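Each remark here refers to the structure printed beneath this line.
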Amino acid sequence: MIPKTELISPELNNLIEVSFQIYSNLLGYSIEQTSLKVLNKNKWENFCNEYHLDFDSKGIYLPRNQTAIIPKNNELSLFHEYFGHGLYCEQSLTGRRLVELEKKLLEEEKEFFDGRNFTKEDLKNFRKENKTFNYLNNFRKENLGIYEEFAVFSEYFLSKKFKLNMLFERKYKKLNRDFRDYIGKIISFNEKFGDLATFYEFGLGKIQDKERLLKLSKDIFNSKLNETNLILHFGSGKPFSDIDFFIISNNIEPFYCDWLDIRAYKPEEAEEKIGLLDSRVTDPIIFGSLIFGNEEYLSNLKEKVLTQPITEEAIKYNLEMAEYSKKRYLDSSLEKTLQAKNLKSSKIYLANALALKNGEKLLTVKRLVDYAKKRFLHSERFIELKGGIK
């Protein structure tokens, strides 16, 4: 919802309208819940005095009521407070948690002081003993860096779009050295991997449709796409789940981070895994959505998966991969999320080995998970095949 207020000049209003369109086109969403207040010079000075802000302050964002307050017609403040803090609090899990805690504290304050006169000192004393306030205070401190970095990146991002680079560069030079270095690294990342990757790196929600996934692929892989046979998208596709790519390419390597999981194989490796009925390959080939590549090539791969016979080699391979994944799950040096992934992989490989031994080609992760649930009684229990493969 584009804000309407008499203090917004036609020029600033144009920035707002075009910015809404920029974010909607790029991310699939824009500001929805954040309101904007623009104050003239006198009102801004009074506001700063009331809330003990520096008069040189260029704006403030209040997560409690999701409101950006800025001095009249300040472009960088608009980019920083309204589109920076506003978008982060609406479209990242960390920002949403901040808003949730602020609103919870507000309700607790209203309940405690209901019908009573109180001073700022009374409020201060209440907060000192309040669990929500203390948790919120620690949460703010832990996430202040990324909260502010995203807002400054928003200034850079929109300044570039509107050719207001000089405004941003003047501010950038005034930042303290450490913070300037952080922002410099973010800008370098943005120049190398593109806008979508940068927003997702900050933890913003992802609209995982073909148009955006293709743009993301082109931004990340660039000329490597020239030797890429296939990019498939699979997984849940939920806004805060990672993006799962299955790729067949001579140039792209497997990669994993908080928001991106690239499962990459060279063409001959993919063919080999199909022969071994590895569900990490058969599942995306059967159910993945084509993002880049030739439909006929994908159709041929599907046919190979469906007609591949069960072999002793495939059973043995899946058993060995189950054991390998189990060892990685038990490796305490790995991150908890990676251990959990390996626990799931171990069960799926073991379920696949059991199914193949019984003459069943289940091929997809969902069917193998259902199969495993029927046979594994506890989340961390592994069933062994008595007497080995035979």
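No lab work stands behind these numbers, since they all come straight from the coordinates. Note that the structure is a prediction, hence the values are computed from the model and not measured. Cβ sites come from the backbone with ideal geometry, for glycine too, and all protein chains shown count toward neighbours.
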Taking Rh as the Kirkwood radius computed over alpha-carbon pairs of region 17-79 and applying Stokes-Einstein at 20 °C with viscosity 1.002 mPa s, one gets a diffusion coefficient in µm² s⁻¹ of 167
Unit-weight point scatterers at every alpha-carbon of region 312-375, Debye formula, q = 0.12, 0.14, 0.17, 0.27 1/Å: log10 I(q)/I(0) is -0.29, -0.38, -0.55, -1.08
Region 231-279: Kirkwood hydrodynamic radius (Cα pairs, Å) comes out at 11.5
The FRET efficiency for Thr337 and Glu313, from their Cβ-Cβ distance with R0 = 25 Å and rounded to 0.05, is 0.20
What helix-only [θ] at 222 nm does the chain give? Using -39500 (n - 2.57) per DSSP H run of at least 4, over all residues, to the nearest 500, the answer is -18500 deg cm²/dmol
Region 210-307: antiparallel bridges as % of DSSP beta bridges, rounded to 5, reads 65
Short to long, in 10 Å steps from zero, the percent of alpha-carbon pairs of region 210-307 per bin is 16, 54, 28, 3
Computed from the beta carbon distance with a Förster radius of 30 Å, FRET efficiency for Phe47 and Glu11 to the nearest 0.05 stands at 0.85
In cubic angstrom per residue, the convex hull of region 10-201 built on its Cα atoms measures 140
Cα-based Debye curve of region 88-201 sampled at q = 0.20, 0.22, 0.24 Å⁻¹ gives log₁₀ I(q)/I(0) of -1.05, -1.18, -1.33
A student asked for the Cα radius of gyration and Dmax of the chain in angstrom ought to give 26.5, 85
For region 67-83, in residue order, the Karplus 3J(HN,Hα) values (coefficients 6.51, -1.76, 1.60; θ = phi - 60°; whole Hz; Gly and Pro = x) are 10, 9, 10, 9, x, 4, 6, 9, 5, 5, 5, 4, 5, 6, 7, 6, 8
The rounded separation in angstrom of the Cα centers of region 184-215 and region 264-293 is 25
Within the under-10-Å Cβ sphere about Thr34, not counting Thr34, Lys/Arg +1 and Asp/Glu -1 give a net charge of -3
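Report for the chain the percent antiparallel among DSSP-assigned beta bridges with both residues inside it, nearest 5.
So the antiparallel bridges amount to about 60 percent of the total.
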1/(1 + (r/R0)^6) with r = Cβ-Cβ of Glu227 and Glu129, R0 = 56 Å, i.e. FRET efficiency to nearest 0.05, evaluates to 0.35
Whole-Hz Karplus couplings 3J(HN,Hα) for region 323-329, θ = phi - 60° and coefficients 6.51, -1.76, 1.60, Gly and Pro as x, run 5, 4, 5, 4, 4, 5, 4
Per the rule of 0.36 nm per residue minus the C-alpha distance, extending Phe287 to Thr94 adds in nm 66.3 nm
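Compute the orientation-averaged projected area for region 140-254 from the convex hull of its Cα atoms and round it to one decimal in nm².
Mean projected area for region 140-254: 8.9 nm², to one decimal.
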